[in-house]
Structure formats: structure tokens, C-alpha cells
1. Provide the gained length on full extension for the span ASN442 to GLU75, in nm with one decimal, where the gain is 0.36 nm per separating residue minus the Cα-Cα distance.
2. How large is the charge dipole for the chain, taken about the Cα centre, if only the Cβ atoms of Lys, Arg (+1) and Asp, Glu (-1) carry charge, to the nearest 20 debye?
3. If one takes the longest principal axis of the Cα atoms in the chain, at what angle in degrees, from 0 to 90 and to the nearest 10, does the Cα axis of helix 658-668 lie?
4. Using only alpha carbon pairs under 8 Å that are at least six residues apart, calculate the relative contact order of the chain and give it in whole percent.
5. Classify the range 524-651 as rounded, prolate or oblate from the Cα gyration tensor: take a ≥ b ≥ c as the square roots of its eigenvalues, call it rounded if a/c is under 1.5, otherwise prolate when a/b beats b/c and oblate if not.
6. What accessible surface, in Å², does a 1.4 Å probe find on ASP469, ignoring ligands, DNA and RNA and rounding to the nearest 10?
7. State to the nearest 20 debye the size of the charge dipole of the range 19-141 about its Cα centre, where the only charges are +1 on K and R beta carbons and -1 on D and E beta carbons.
8. Taking R0 as 35 Å, what's the FRET efficiency between TYR54 and ARG653 from their Cβ-Cβ distance, rounded to 0.05?
Amino acid sequence: MLQRLRNVVLILLLPIFHMANQTTIDSLKKVIATSNSNKEIAEAQYMFSVSLQYKDPKLALERAHIAARLSKSEEMDHVHGRSLNVIGTIEYQRGVWDSASKYFNLAISVLKGTQDSSALSDSYNNLGLTNHRIGNFSSALENHLQALRIREATNKRELLASSYHNIGWVYDDQGNKEAALEHYEKSLALKKELGLEELAANTIVNIGTIHNEMGEYDKALEAFLEAKDVYEETGDKLSYAIAMLNIADAYKNMEQYDQSKKYYVSVLKTLSEHHNQFIEAHAMAGLGTLHKKMKRYQTAINYLSKSIEQFRSMSSSSEMIVGYKELSECYDITQQYQKASEIKNKLIDLKDSLNKVNSQNAIAEMQTKYETTQKEKEIELLSANNEIQSLALEKEQFFRQIFISGIIVLVIIAVLLLRGFRIKQKNNQVLAEKNDIINKQNSDLAIQKQNIVDSINYAKRIQESILVDEEVIAQHLKDFFIYYEPRDIVSGDFYWFSNLGGKSIIAAVDCTGHGVPGAFMSMVGNSLLNEIVNMKGITRPSEILEQLHLGVFNDLQQHNDSTSAQDGMDLSLCCIDHENNTLEFAGAMNHLFMVRNGQIDTLKADLKHIGGRLLRKEEDKRTFNNQIIEVEKGDCFYLMSDGYTDQFGGEKRKKLGTKALKDILLKHHAKGMAEQKKIYASLMNEWKRNFIQMDDILMIGLRL
């Protein structure tokens with residue numbers, strides 16, 4: 001729970017703009033009221049919005065929109081970009097993440113054409129905070145790195161400290177604790193050097209939390225106590241409350257429950273005077289888990305229920321998931337099974353909702369461009385409709401004036417009618433032109449969409465062409481099946497086969513992602529396997545995986561610290577020696593299943609990925625274990641990606657899982673391989689029910 005709490009504190013403690021005093025506000029109002037220069041008014045409106053963004057966000061938002069509109073018309077790009085940045089900041093404060101992201105991106109687009117490096121780095125920083133808030137960690141990291149590069153060039157040390165802090169924060173939430181500590185320490189050193197004690201305390205809190213998560217409770221407690229003292233000196237009550245909350249958690253982890261309770265209660269007492277619902281909810285949740293550890297289950301249930309309701313009112317799904325889990329365990333322990341079941345169902349529904357949101361990735365840059373273009377066209381269409389409505393309103397007002405005027409003078413009526421006729425003609429002409437524009441735009445959109453679909457279908461044909469024909473495989477393996485079911489038009493999974501020197505090499509490969517991104521990686525993987533086996537003549541599975549990792553690592557330049565391309569693949573690979581009747585296996589994350597004499601065994605893969613840079617560079621050259629099995633007649637082997645076991649479905653709306661897969665394989669292994677393929681495909685369709693397919697599915701079965 002502390003991780004999300006620290007995020008909220010971070011945005012509050014790293015403001016993008018400074019407050020203006022009342023004298024400045026009065027002078028800005030005077031400029032806005034008296035100036036005849038749109039440029040002066042635009043700049044004054046911008047400064048006005050900056051001064052009000054924390055005091056009166058609604059009015060500040062209104063002023064920032066006016067500043068953005070005026071500065072754009074006057075081609076004042078630096079004011080235009082900064083105004084968009086203010087709008088994004090206010091939308092962030094309101095929790096409207098999509099809108100905040102939109103305006104920060106617009107600000108970046110405008111400010112790139114200016115010399116305003118400070119505002120540009122702020123916009124990248126703010127976009128990084130927004131992407132972090134919605135869980136898009138890779139984009140958040142890239143945004144903060146862009147801000148860091150600009151700030152390094154300008155040597156703005158206070159802002160550099162902020163960037164190091166935010167980069168550490170992203171690594172922290174990704175679970176890369178060592179990288180997080182490295183960047184937090186850089187930030188802390190700069191802040192202490194600059195005398196920024198309160199900002200340094202924020203970083204100390206984050207460092208303490210990492211030690212807490214790593215089980216180093218003494219170091220964590222020392223950090224939290226140091227931060228608490230700083231906040232108490234500066235009078236920052238909310239940060240003081242957060243530090244005490246962290247201290248309470250540390251004592252709880254150290255099983256010093258009385259001390260822990262004392263600090264939780266102090267947090268709530270502090271918040272009674274300085275209310276903050278998010279911190280209060282965390283304190284309630286902390287008391288709930290504390291009483292649970294103390295076996296005071298009813299008290300724990302009361303606190304946990306209150307915290308969940310508070311998190312629900314703030315749409316804080318991650319905290320709700322943790323709370324539901326703790327609450328269901330309390331109900332189970334106290335034998336309140338009906339309530340436990342209800343809470344578990346709520347937990348499943350919430351996780352399913354989050355999974356659906358997180359799984360909606362763009363299948364390619366082409367599709368992203370198409371969606372962006374479509375939104376722009378929709379805006380243009382909306383603008384056209386507004387103009388049409390405006391023209392219709394003018395016509396209505398015109399005829400109302402004629403009715404009121406009456407028939408005072410026939411000549412005047414004639415003139416007005418003539419004028420009305422001409423306006424109507426003009427309006428009809430404008431309407432006709434607008435309709436032509438709309439029709440053309442709709443036609444262009446349809447063509448763009450078809451071009452994109454055609455491109456992806458062509459990519460599918462290219463991908464299918466690299467897969468070895470099953471008739472070729474059948475010349476060497478007499479009884480096998482390949483169950484291949486891409487989630488999208490193109491796939492991130494692929495199978496690979498070769499026969500070399502009386503040995504058959506076959507692999508099931510699962511590349512990073514699915515759709516177009518995964519398909520790109522599959523082309524890289526297929527090409528490297530052809531080079532390693534067919535050109536270099538390597539047939540030992542462990543050596544093939546080692547060479548494949550080096551190929552991906554070098555081709556994607558993953559040795560470069562500045563690259564964010566840490567993609568790769570998982571796979572299981574077998575080499576079958578037909579002459580000596582043996583099978584060699586090596587795997588990266590994906591196991592091999594063997595059925596022999598009615599028993600199923602798992603040949604474990606190494607828990608390492610192919611590709612991607614580890615924190616310690618000496619580990620970039622990875623080694624894999626090679627396992628050799630003497631094959632007996634009738635042995636069945638199954639290679640696969642994780643798409644089959646990770647599919648949600650069934651009555652309990654959960655993943656199929658490895659245990660269920662083993663039961664299925666054991667039940668049907670005696671049937672012919674072709675019949676098994678039909679059975680496994682049919683069982684998957686029954687399991688999925690109304691759920692969408694979560695990932696590409698690849699399963700290979702062999703009988704030797």
C-alpha cells in the first residue's frame with residue numbers, strides 16, 4: 001500500500017509552477033481589463049492561470065484555455081505550450097488522466113519548436129507522472145529520461161534531482177529495487193547538496209520503503225524516523241503523517257505491534273486536523289492488517305471494510321485488491337464463509353476489470369496513427385456540425401426579426417426578404433461545401449482503415465511463409481500435431497523445425513507481446529534460429545538458447561543504456577536423435593511435459609528469458625541447462641507457450657493453469673496426435689466461453 005501513497009506525495013511535493021502574490025494577481029487583472037494587445041492579454045491570462053492553479057483550479061483552467069487560444073492565434077508558441085502544460089497539470093490534479101496526457105503531449109509538440117527547454121522538460125516530466133499514474137511504466141520511464149537529458153544539458157541541478165527521483169520511482173513500481181535505489185541515492189545527494197531538506201526527506205521515505213519491502217526493517221525504520229523529524233521541523237503535517245504511517249508499517253513488520261498501533265493512531269489524530277482521505281484510508285488498512293496479525297479479527301474486519309470504502313470512493317483499484325484479499329482471509333479464519341465468498345467474487349471481478357484494461361494494447365504503429373487521424377477527423381466533423389448549427393441559429397433569429405418587424409413598410413420588407421434570400425443561398429452553399437468535406441473525410445477514413453487492414457493481412461502472409469510446412473515435418477516426425485491459434489491477425493508465437501545430420505530440432509517460441517509487435521519479434525527469432533542451426537550447425541539445445549540470447553541482445557542493441565528495447569522471447573526446444581533414440585531439451589521459462597507409462601513429468605526450463613539486459617552486466621552472457629532423455633517407445637512430449645494455461649474462463653472465471661493442463665494431457669495422451677489437437681482446441685473453446693482470447697496459443701505434441 002505504501003507504494004501508491006508515495007506516488008501521491010510525489011506530485012504534491014514536486015510542483016511545476018510557483019504561486020504568485022496578490023499584488024501580481026491585481027496587476028494581471030489590470031492588464032487583461034485594459035490592454036488592446038492580444039499578445040499582452042494572452043501572457044497575462046497564462047500567468048493568471050499559473051497563480052490560481054492550486055488556489056482555484058476551476059478558474060485557472062478557464063484562464064489557461066483562453067491563454068492557449070489567444071497565444072495560438074498570435075503564434076506565441078512558448079506561451080501556447082506553457083498554457084497547455086497548465087491545463088494538463090490541472091487535469092492531473094482532477095484525476096482526469098486521459099485529458100492530462102492529451103494536453104501534455106500537445107504541449108510537447110508545440111514546445112519542441114521553441115527554445116523553451118525548461119518548459120519542454122517540465123512537460124516531459126508531467127507526462128511521465130501521468131503515464132506512471134495509469135500504470136504505463138515503459139512510457140513513463142522514457143518520458144522521464146527525455147526530461148533528464150534536457151535538464152542535464154542545461155545543468156539545472158534541482159530539476160535533475162527531481163528527474164532522478166521520478167526515474168527511481170518508476171523502477172521502484174516495476175520491482176527493479178536495485179535500479180530504484182541507485183536513482184534515489186543520486187537524487188538524495190543532489191537535494192542535500194542544494195540544502196533541499198524537505199525534498200530530501202521525500203526521497204528518504206522512498207529509500208526506506210524499499211528497505212522495508214526487502215525485509216531490511218532496521219534500515220527502513222531509521223530512514224522513516226529521519227524523514228519524520230524533517231517534516232515535524234518544517235510543519236508539513238501531511239508528509240509528517242505519511243512518515244508516521246511508514247514507521248507504523250515498519251514496526252508491524254518487525255512484530256512490535258504496540259509500537260505499530262501507537263503510530264497508526266497518531267496518523268489518524270494528525271489527519272483529524274489536516275484531512276487527507278487517501279492517507280487516512282491507508283492508515284485504516286494498516287490498522288486492519290495489524291489487528292489481523294494480532295488475531296483480533298472482528299476489529300480487523302471493521303478497519304479493512306472502512307478502508308476499502310474510502311479507496312472505492314477514490315477509484316483506487318490496486319489498494320482495493322489488497323484490502324479484499326486481507327478481508328476475505330479474515331472472514332475465512334472466523335468461518336464466515338458466505339461473506340468470504342462474496343468478497344472473493346468482488347476481488348475476481350475487480351481483477352478481471354483491471355486485466356481487460358491492461359490487455360488492450362495497440363497492435364502496431366500503423367493502427368495508432370489511424371486512430372489518431374480518426375480522432376482528428378471527428379474533431380473536424382464536430383466543428384463542421386457546430387458551424388452548421390450556428391448557421392441554422394442565424395436563420396432562425398433572422399426570421400424572428402422579420403416577424404417582430406411586421407409589415408411596417410413594404411419596401412423594408414422587400415429589402416429584408418431579398419437579404420434573407422441571399423443569406424439562405426449563401427448558407428445552402430456553405431452547407432453543401434461542408435457536406436462535401438464531410439463525405440470526402442469519411443471516404444478518406446475508410447480508405448485509410450482498409451489500407452491498414454490490408455497491410456496487416458499482408459504481414460500475416462509473410463509470417464506464415466516463414467513457418468515450416470507440416471508436410472516437411474511429417475517426413476521426419478511420424479506422429480505429431482501443431483495447435484496454433486494467434487490472438488490477432490498476426491502472432492507473437494511461432495514454431496520452428498529443422499532436420500540436420502539425422503537429428504530433428506523443434507521449438508515452440510513465445511515472443512514479447514502479440515499482434516504486430518510480437519510478429520516483428522518472431523521474424524527476428526526465426527532468422528536467428530535458422531542462422532544458429534542451419535548455418536552454424538549447432539544442435540545442442542542449451543547452446544542454441546545461449547546463441548539465440550546473444551543474437552537478440554546484439555540485434556536489438558540491448559547493451560546500450562539509452563535504449564528501452566528490452567524485448568525478447570521464452571521457448572522450449574528439443575533435439576531428437578533418431579539414430580541413438582535420445583531427446584535433448586533446454587528451455588527459457590517454458591517447460592517440456594513428458595507422458596510415459598501413464599505418468600506425466602515436467603522437464604523444468606531455466607527461469608531466464610531470451611533477450612533483455614540484466615542489472616549486472618556480467619550476466620548478459622546467459623547459460624542454460626541441457627537435459628538428455630533416453631526415449632522409450634510410446635513416449636509423448638508436449639512443447640507450448642503460456643497462452644493455453646493463462647486463458648481465463650470456466651465457471652470460476654480464472655486461468656486454466658498448469659495443473660489442469662497436465663490432467664488434460666494425461667487423460668488424452670493415448671489418442672492419436674491429430675485427434676488430440678482437435679480435443680485440445682475444443683476444450684479451449686469450451687473453457688473460454690464468453691471471454692476474449694488473452695494471448696496467442698501454441699502447443700506442439702510428439703509421439704516417439
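1. Extra length from ASN442 to GLU75 when fully extended: 129.0 nm.
2. For this selection, approximately 2140 debye.
3. Approximately 50 degrees, to the nearest 10.
4. Answer for the chain is 7 percent.
5. Note, shape of the range 524-651 comes out oblate.
6. 80 Å²
7. Computed charge dipole of the range 19-141: roughly 240 debye.
8. Plugging the Cβ-Cβ distance into 1/(1 + (r/R0)^6) gives 0.20.
The values are calculated or read from the model by the stated rules, or taken from the named source; none is laboratory data. Keep in mind that what you see is a predicted model, and the values were worked out from it rather than measured. As a convention, Cβ positions derive from the backbone with ideal geometry for all residues, glycine included, and neighbour counts pool all protein chains shown. With ligands, DNA and RNA removed, areas are computed over all heavy atoms of the protein, side chains included. Shrake-Rupley method; radii C 1.70, N 1.55, O 1.52, S 1.80 Å.
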